[in-house]
1. Determine whether region 140-153 contains at least one residue that is at pLDDT below 85, within 26 Å of Asp219 (Cβ to Cβ) and more than 24 Å from the chain's Cα centre (by Cα).
2. Got at least one residue in region 300-311 being over 60 Å from the mean Cα position of the chain (by Cα), hydroxyl-bearing (Ser, Thr, Tyr) and modelled with pLDDT of 75 or more?
3. Output the number of the condition that Gly164 fails; it satisfies all remaining conditions of (1) small (Gly, Ala, Ser); (2) out of contact with any helix residue (DSSP H, G or I) (no Cβ under 7 Å at 6 or more places or on another chain); (3) under 23 Å from Ala221 (Cα atoms).
4. Just one of (1) modelled with pLDDT under 80; (2) surrounded by 10 or more Cβ atoms within 10 Å (Cβ to Cβ) trips up Glu260, so point out which.
5. Against the condition closer than 26 Å to Ala108 by Cβ and buried (at least 16 other Cβ atoms within 10 Å of the Cβ), how does Thr153 come out, does it pass?
6. Considering each residue of region 160-201, count those that are under 14 Å from Ala212 (Cβ atoms), under 23 Å from the mean Cα position of the chain (by Cα) and open to solvent by less than 30 Å² (accessible area, probe 1.4 Å), and give that number.
7. Of all the helices (runs of 4 or more DSSP H) wholly in region 1-96, which have at least 1 residues that are over 56 Å from the mean Cα position of the chain (by Cα) and at pLDDT below 85?
8. Here's a check for you: in region 263-276, which residue that is aliphatic (A, V, I, L, M) and either touching a Leu at 6+ places or on another chain (Cβ under 8 Å) or modelled with pLDDT under 85 (or both) is farthest from Gly143 (Cα to Cα)?
Amino acid sequence: MLGFSYMLLLAAIILLIIFFYFVPFLLWISARASGVKISVLQLFLMRIRKVPPQIIVRAMIEAHKAGLQNITRDDLEAHYLAGGHVERVVHALVSAAKANIDLGFKMATAIDLAGRDVFEAVQMSVNPKVIDTPPVVAVAKDGIQLIAKARVTVRANIRQLVGGAGEDTVLARVGEGIVSSIGSSESHKTVLENPDSISKLVLKKGLDSGTAFEILSIDIADIDIGKNIGAALQMDQADADKNIAQAKAEERRAMAIALEQEMKAKAQEARAKVIEAEAEVPKAMAEAFRSGNLGIMDYYRMKNIEADTNMRDNIVKPISNK
């Protein structure tokens, strides 16, 4: 009998836990004490729809205490079921109302569903954020490389948060503007003397167009001198010209050697023809003797002329060698 009583007590406790889970009576009391009108049946139906009553009721209490009367329970439930962050949206609406920022519930939920932190955006609208750019490398017209770092002060543009570009786009545009400004400077000394001229020129370009931010100021934090790009390019050009000249000289040398080899080959060919022709002379002389066209006295006369020619050649060679 005692065991049966324990079982009844345990069953009663389980039933109470299930009842208070599906019917959060204490949460209803808290809502009513805060001035939020919501029924126990609505809380029960939230459990059925798998919507956490704690999140919806806390959001409604916060909105009611902040004086936001246009936020309904159905709106909050619909936003939760759509995958939104109900608490962030309500926090953002309360902060916007305190800061006199025009932000409606539909806009806040749209920003939240777009994947942006709407509460952080409202805070950034009140307190601007400073973004440090990575080192930007640019070259002035005199060929000197400059490395600049800038600090960009931005404020969230609530109207552009849905579909607007993010911080990366702002940083990329600022870097492009710095490169363009330094590149248009006649000398790197001008940039070093007046770094604020870069800020003013970049700020005039409207770099925040189409982004989720409004650029308030661009301040050049640091400028360092890098390499002398102009001198390096000239040295590279000189090396290239030298290599080209050397290649052309080697080409001419190779052509000269080839021409010399060709001339030597032609000379050898000519000497071979001369030797071949000289070999035909005795045959022709023998034929002339047989045919009677050449006499013995003609032969001796020719030999004397040949001997005289050789003697003259031997006399001239020592003089030419000197």
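1. Yes, region 140-153 contains at least one residue that is at pLDDT below 85, within 26 Å of Asp219 (Cβ to Cβ) and more than 24 Å from the chain's Cα centre (by Cα).
2. The first filter runs over region 300-311 and keeps only residues over 60 Å from the mean Cα position of the chain (by Cα), leaving 300-311.
When the remaining residues are screened for being hydroxyl-bearing (Ser, Thr, Tyr), the result is 300, 309.
Restricting the remaining residues to those that are modelled with pLDDT of 75 or more gives 309.
There is at least one residue in region 300-311 that is over 60 Å from the mean Cα position of the chain (by Cα), hydroxyl-bearing (Ser, Thr, Tyr) and modelled with pLDDT of 75 or more.
3. If we test Gly164 against (1) small (Gly, Ala, Ser); (2) out of contact with any helix residue (DSSP H, G or I) (no Cβ under 7 Å at 6 or more places or on another chain); (3) under 23 Å from Ala221 (Cα atoms), just (3) comes out false.
4. With respect to (1) modelled with pLDDT under 80; (2) surrounded by 10 or more Cβ atoms within 10 Å (Cβ to Cβ), Glu260 is out only on (1).
5. Working: closer than 26 Å to Ala108 by Cβ: yes; buried (at least 16 other Cβ atoms within 10 Å of the Cβ): no.
Here the answer is no, as Thr153 does not meet what is asked.
6. Final tally of qualifying residues: 4.
7. Values: elements: 2-22, 25-33, 40-48, 53-65, 73-81.
Filter on region 1-96 gives 2-22, 25-33, 40-48.
8. To start, the set of residues in region 263-276 that are aliphatic (A, V, I, L, M) comprises 263, 265, 267, 270, 272, 274-275.
Those still in the list that are either touching a Leu at 6+ places or on another chain (Cβ under 8 Å) or modelled with pLDDT under 85 (or both) too: 265, 267, 270, 272, 274-275.
Details: Ala265: 56, Ala267: 59, Ala270: 63, Ala272: 66, Val274: 69, Ile275: 71 Å.
Applying the filter and picking the extreme gives Ile275.
The values are calculated or read from the model by the stated rules, or taken from the named source; none is laboratory data. Since the model is a prediction, treat every value here as computed from it, not as a measurement. Methodologically, a virtual Cβ is constructed for each residue, glycine included, from the backbone with ideal geometry; neighbour enumeration extends over all protein chains shown. Remember, those area values only see protein heavy atoms, side chains included, never the ligands or the DNA or RNA. Shrake-Rupley method; radii C 1.70, N 1.55, O 1.52, S 1.80 Å.
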